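The values are calculated or read from the model by the stated rules, or taken from the named source; none is laboratory data. Everything quoted here is computed from the prediction, not taken from an experiment. Virtual Cβ from ideal backbone geometry, glycine too; neighbours counted across all protein chains shown.
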Amino acid sequence: MNIAIVDIGSNAIKYKIFDSKFNLVEYYRHPLRLGRDVFSNGYLEQNTINEVIQLLEKYLNIFIEKEIVEHHFIATSALRDCKNSRELLSLLKDKNISVRIISGDTEAALLAEYNKNIKNSAVIDIGGGSVEVCINSENKIYTKSFQLGAVRLLNMSPDSKIAALNEFKFWLSQFSNINHIYGLGGNLRALMQVNALESVMDASNFKHHVDKYLKVPEEELVSKHNIPKDRIDIIPEALNLYQLIINQLQSMKIENTFWSISDGLVKKIVKGQL
């Protein structure tokens, strides 16, 4: 029996469908930037609310058509911070869509499903609204969520940004020799695509690859390298964060993975642990 997980993020709303063995069957991403409203105004505009409802109804109908009985709608940073999230959730409930907003700590803890058995590694999830980190240091697990998502950073004042980054660096400074970083999602994948790299690169070459990426015109990023247009403005913010993390953790390798919190969620849900 298949199970569907909908990830309502700050920059996009995605779903993954898994089979009974947790293998990915289908993936779909729709660029709807909730963070544009929330991180600038604190709430969702009515037009955005209407778009969310229309999109999630579409997803629900897809699941019904595919006879997927078990489906879960999970929201993260944007709806955590949204002043009118209750209004949205109430309207969705009228459409038989129940959305669960998870905390940043819960989101970060899910990352341990990926690297709990990979000694001296870090999993980094740079989302639109927050950054989640899971560090395996000598087989001890440390997780934390930070208000440093790439969309949020675009809307931060310079002073707030400096303060948030300093807090992040201070937390990371307790770790060293975290040899391997696993970066989730499309921001790191974009860097790999432009530089014609496989999924792993030497961390010492990271800045060189970033410099090359930043020289590519936007039109070429979209047409030649298939970078989603809605990611173009946030990728530089994400790459700066990756460089900071590499420097702080003294990492040697950085690897991109298509694994996401949805992969962690589906296992927790099936086991009744969430």
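Failed condition for Trp259, given (1) assigned to a helix (DSSP H, G or I); (2) modelled with pLDDT under 95; (3) under 19 Å from Ser10 (Cα atoms), with all others met?
Here Trp259 clears every test but (1).
Only one of (1) of a type in the set (A, V, I, L, M); (2) assigned to a loop (DSSP other than H, G, I, E, B); (3) under 21 Å from Lys144 (Cβ atoms) is not met by Ile246, so which one is it?
(2)
Where in the stretch 126-202 are the helices (runs of 4 or more DSSP H), entirely inside, with at least 3 residues that are within 16 Å of the chain's Cα centre (by Cα) and closer than 23 Å to Ser260 by Cα?
Correct list: 150-154, 186-194.
For the stretch 138-192, what are the residues that are among the hydroxyl-bearing types (Ser, Thr, Tyr) and either surrounded by 13 or more Cβ atoms within 10 Å (Cβ to Cβ) or within 20 Å of Asp230 (Cα to Cα) (or both)?
Once the filter is applied, which keeps residues that are among the hydroxyl-bearing types (Ser, Thr, Tyr) and either surrounded by 13 or more Cβ atoms within 10 Å (Cβ to Cβ) or within 20 Å of Asp230 (Cα to Cα) (or both), the stretch 138-192 yields Tyr142, Thr143, Ser145, Ser160, Tyr182.
Among the residues of the stretch 193-232, how many are touching a residue at least 60 places away in the same chain (Cβ under 8 Å) and under 25 Å from Asn247 (Cβ atoms)?
Of the residues in that region, 1 qualify.
Kindly establish whether Asp202 is assigned by TED's automatic domain parsing to the domain that holds Leu214 and under 28 Å from Ser40 (Cα atoms).
no
Taking the residues in the stretch 62-91 that are touching a residue at least 40 places away in the same chain (Cβ under 8 Å), in contact with a strand residue (DSSP E or B) (Cβ under 6 Å, 6 or more places away or on another chain) and of a type in the set (A, V, I, L, M) as candidates, determine which candidate is nearest to Glu26 (Cα to Cα).
The qualifying residue nearest to Glu26 (Cα to Cα) is Ile68.
What single numbered condition from (1) touching a residue at least 24 places away in the same chain (Cβ under 8 Å); (2) part of a strand (DSSP E or B); (3) out of contact with any helix residue (DSSP H, G or I) (no Cβ under 8 Å at 6 or more places or on another chain) fails to hold for Glu26?
For Glu26, the exception is condition (1).
Out of (1) aromatic (Phe, Trp, Tyr); (2) within 22 Å of the chain's Cα centre (by Cα); (3) under 19 Å from Ser262 (Cα atoms), what's the single condition that is false for Phe39?
Result: Phe39 fails condition (3) only.
Please find, among Ser10, Ser20, the residue that is without any contact (Cβ under 8 Å) to a residue 60 or more places away in the chain and polar (S, T, N, Q).
Going through Ser10, Ser20 in turn, just one is without any contact (Cβ under 8 Å) to a residue 60 or more places away in the chain and polar (S, T, N, Q): Ser20.
Suppose we filter the stretch 93-125 for residues that are in a loop (DSSP other than H, G, I, E, B) and among the basic types (Lys, Arg); how many remain?
Total satisfying the criteria: 3.
Could you say whether any residue in the stretch 117-130 is surrounded by fewer than 22 Cβ atoms within 10 Å (Cβ to Cβ) and in contact (Cβ under 8 Å) with a residue 60 or more places away in the chain?
yes
So, in the stretch 247-274, how many residues would count as being among the aliphatic types (A, V, I, L, M) and surrounded by fewer than 21 Cβ atoms within 10 Å (Cβ to Cβ)?
4
Residue check, Asn177 against (1) within 26 Å of Tyr28 (Cβ to Cβ); (2) at pLDDT below 95, all met but one. Which one?
The single condition Asn177 does not satisfy is (1).
Consider the stretch 223-243. How many of its residues are hydrophobic (A, V, I, L, M, F, W, C) and either over 20 Å from Gly127 (Cα atoms) or in a loop (DSSP other than H, G, I, E, B) (or both)?
So the answer is 3.
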